[in-house]
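Novice: Would you mind keeping the following structure in view while I ask a few things?
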Amino acid sequence: MKAFGFERADTPAAAAAAAARTPGAKFIAGGTNLLDLMKLEIETPTHLIDVNGLALDTITPTDDGGLRIGALVRNTDLAADERVRRDYAVLSRALLAGASGQLRNQATTAGNLLQRTRCPYFYDTAQACNKRLPGSGCGALDGYSRQLAVIGGSAQCIATHPSDMVVAMRVLDAVIETVAPDGETRRIALDDFYLAPGTTPQRETVLRPGELITAVVLPPPLGGRHVYRKVRDRASYAFALVSVAAVVQRDGSGRVAIGGVAHKPWRSDAADAEIPRGAKAVAARLFDGATPTDDNRFKLTLAERTIAAALVDTEEARS
Ligand SMILES: Cc1cc2nc3c(=O)[nH]c(=O)nc-3n(C[C@H](O)[C@H](O)[C@H](O)COP(=O)(O)OP(=O)(O)OC[C@H]3O[C@@H](n4cnc5c(N)ncnc54)[C@H](O)[C@@H]3O)c2cc1C
Ligand code: SF4
C-alpha cells in the first residue's frame, strides 16, 4: 500500500473543502471497498478524509412524506429501520441480500453507491483495464465476461455496477443530495448519477472533484408489493449475476429495475408499462439494443426468468 495523508472532517463543508485542497484526496467512510482497493494499489489516494465524524447518520422524514437517509447510515441500520421495512421493503430486502452481516454493519449508504465494479480484470493489475488505467485496453472484451454487462457498455468497457442497494433505490426513484467544496448543494436523480462508460470508463458518476454525498432522499411511499430477487453463483457472499427489484400495485401496474446487467441499475418507463403483459414483454423492452458477449448472453434469459419469478411473487402477495 502506498503512503497517504489522513485527516478527520467535522462538517460536510469542511470535508468537501479538504478534498478540493488536496489533489488525489478521497473520502473514506466504512472503508470496506476503498481499503481493499488501496491494498491492491488499484486506488492510490494521496490523502484520506475520514467522514465518519460528520452528523450524517440519521434517517429523517421529509416534508412531503418521504425519507432522507444520511450518507453515513450503515447498511444494517437502513435495512432494519422500521419505516424502511414497512414502506420501502424492496430496499430493506436488497440490502439484506448484499455482502455479509459484518460488512453491512460497516458499509455506508454513500460508500455503497460509490463502490467500484467487481470486474475481475479491474482487480488484476497485470491485466489491461481502461477503467483502472485509461487507454490500456479492456481485458474483459476479449476475455472472460460472464459477470459483465449486456447493455449500456461500450467498446472500451462492459463493467457492471455491483450494488444491490442501488437497484432498489432506482425502482423507488431515489435522489442523491451533495455538497460541493464551494458550499453549493445539488440534488441528482439516481438515474442521472452514473455515467455510461463510453470512451471514458474511468469516470463513473457525475460527481465533481471534492463533491461529497450528504444524503439519499426517497419520495413518499409507493405502496404495492415489494420484491427483491437476486440470482448469484452461491447462496451468500456473492454479487448478483442478475437481480430484480419490483414494486407492483393491486391493479397490476408497477416498476422493475434490474441489477447485474449494466453500469447502473437498468430500468425504463416503456418496460414498466409492459408489466401487466408479463416478463417476456418487460424483458423485451428493457433489453432492446442489448449487446451481450458469448459468455454472458445467458443473462438475457436469466433476467427474463427472474423478472417472471418476481412478478409471480407480487401476484401471490396480492391475491
Ligand atoms: C466480501 C465483500 C462482499 C460484498 N458483497 C456485496 C454484495 O453482495 N452486494 C453489494 O451491494 N455490495 C457488496 N459488497 C460491497 C459493500 O456493500 C461495499 O463495500 C460498501 O457498501 C461500501 O461502503 P463503505 O462505506 O465501506 O465505502 P468506502 O469503502 O469507505 O468508500 C467507497 C467509495 O465511496 C467514497 N465515499 C464514501 N463516502 C462518501 C461520501 N459521503 N461522498 C462521496 N464519496 C464517498 C469513497 O471515497 C470511496 O471511493 C461486498 C463487499 C465485500 C468486501
Ligand atoms: S470491462 Fe471495464 S472494468 Fe472490466 S476490464 Fe474492461 S475496462 Fe476494465
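The values are calculated or read from the model by the stated rules, or taken from the named source; none is laboratory data. Keep in mind it's a predicted model, so treat the numbers as computed, not measured. With ideal geometry, Cβ positions are generated from the backbone for all residues, glycine too; neighbour counts draw on all protein chains shown.
Novice: Before we move on, is G198 more than 16 Å from ligand 2 (Cβ to nearest atom) and either assigned to a loop (DSSP other than H, G, I, E, B) or free of Cβ contacts under 8 Å to residues at least 60 places away in the same chain (or both)?
Specialist: Numbers: more than 16 Å from ligand 2 (Cβ to nearest atom): no; either assigned to a loop (DSSP other than H, G, I, E, B) or free of Cβ contacts under 8 Å to residues at least 60 places away in the same chain (or both): yes.
Answer is no for this residue.
Novice: Could you please tell me which pairs satisfy a Cβ distance under 8 Å, a separation of 6+ or placement on different chains, a first residue in segment 265-278 that is free of Cβ contacts under 8 Å to residues at least 24 places away in the same chain, and a second residue that is among the β-branched types (V, I, T) and assigned to a helix (DSSP H, G or I)?
Specialist: Filtered contacts from segment 265-278: A271/V282; D272/V282; E274/V282.
Novice: Here is a follow-up. With (1) farther than 25 Å from L300 by Cβ; (2) free of Cβ contacts under 8 Å to residues at least 40 places away in the same chain as the list, and T109 as the residue in question, which single condition is left unmet?
Specialist: (2)
Novice: So which residues in segment 254-302 are of a type in the set (D, E) and under 19 Å from S154 (Cα atoms)? Let's see the steps before the verdict.
Specialist: In the first step, residues of segment 254-302 are kept if they are of a type in the set (D, E); the result is 269, 272, 274, 288, 294-295.
Of everything in segment 254-302, those that are of a type in the set (D, E) and under 19 Å from S154 (Cα atoms) turn out to be D288, D294, D295.
Novice: Right, next: Sort through V227, V217, V248 and tell me the only one that's surrounded by 14 or more Cβ atoms within 10 Å (Cβ to Cβ) and either within 26 Å of A16 (Cβ to Cβ) or among the acidic types (D, E) (or both).
Specialist: V217
Novice: Suppose we keep only residues that are part of a loop (DSSP other than H, G, I, E, B) and within 8 Å of ligand 1 (Cβ to nearest atom) within segment 13-44. Which one would you say is nearest to R116 (Cα to Cα)?
Specialist: Filtering segment 13-44 down to residues part of a loop (DSSP other than H, G, I, E, B) leaves 22-24, 29-33, 40-44.
Now narrow it down to the ones that are within 8 Å of ligand 1 (Cβ to nearest atom): 29-33, 43.
Numbers: A29: 14, G30: 14, G31: 12, T32: 11, N33: 7, E43: 10 Å.
It comes out as N33.
Novice: Quick check on G53: is it part of a loop (DSSP other than H, G, I, E, B), under 20 Å from the mean Cα position of the chain (by Cα), under 20 Å from D10 (Cβ atoms) and not basic (K, R)? Break it down stepwise before answering.
Specialist: Working: part of a loop (DSSP other than H, G, I, E, B): yes; under 20 Å from the mean Cα position of the chain (by Cα): no; under 20 Å from D10 (Cβ atoms): yes; not basic (K, R): yes.
The answer is no for G53.
Novice: While we're looking at this one, here's another question. Considering every residue within segment 16-27, establish whether at least one is β-branched (V, I, T) and touching a helix residue (DSSP H, G or I) at 6+ places or on another chain (Cβ under 7 Å).
Specialist: First, the residues of segment 16-27 that are β-branched (V, I, T): 22.
From the residues that got through so far, the ones that are touching a helix residue (DSSP H, G or I) at 6+ places or on another chain (Cβ under 7 Å) too are none.
For segment 16-27, residues β-branched (V, I, T) and touching a helix residue (DSSP H, G or I) at 6+ places or on another chain (Cβ under 7 Å): absent.
Novice: Output the residues belonging to segment 68-91 that are surrounded by fewer than 20 Cβ atoms within 10 Å (Cβ to Cβ) and not hydrophobic (A, V, I, L, M, F, W, C).
Specialist: R68, T76, D81, E82, R83, R85, R86
Novice: Restricting to segment 52-63, give me the number of residues that are farther than 14 Å from A174 by Cβ and more than 16 Å from ligand 1 (Cβ to nearest atom).
Specialist: Taking segment 52-63 as the starting set, the residues that turn out to be farther than 14 Å from A174 by Cβ are 52-58, 60-61, 63.
Add one more test, that the residue is more than 16 Å from ligand 1 (Cβ to nearest atom), and what stays is 60-61, 63.
Final tally of qualifying residues: 3.
Novice: Could you list, in sequence order, the residues of segment 162-183 that are farther than 18 Å from Y228 by Cα, at pLDDT 95 or above and part of a loop (DSSP other than H, G, I, E, B)?
Specialist: Kept after step one, since they are farther than 18 Å from Y228 by Cα, are these residues of segment 162-183: 175-183.
From what's left, at pLDDT 95 or above: 175-180.
If the condition is that a residue be farther than 18 Å from Y228 by Cα, at pLDDT 95 or above and part of a loop (DSSP other than H, G, I, E, B), then A180 is the only one that fits.
Novice: So L96 clears everything in (1) within 11 Å of ligand 2 (Cβ to nearest atom); (2) more than 26 Å from F287 (Cα to Cα) except one condition, right? Which one?
Specialist: It is condition (1) that L96 fails.
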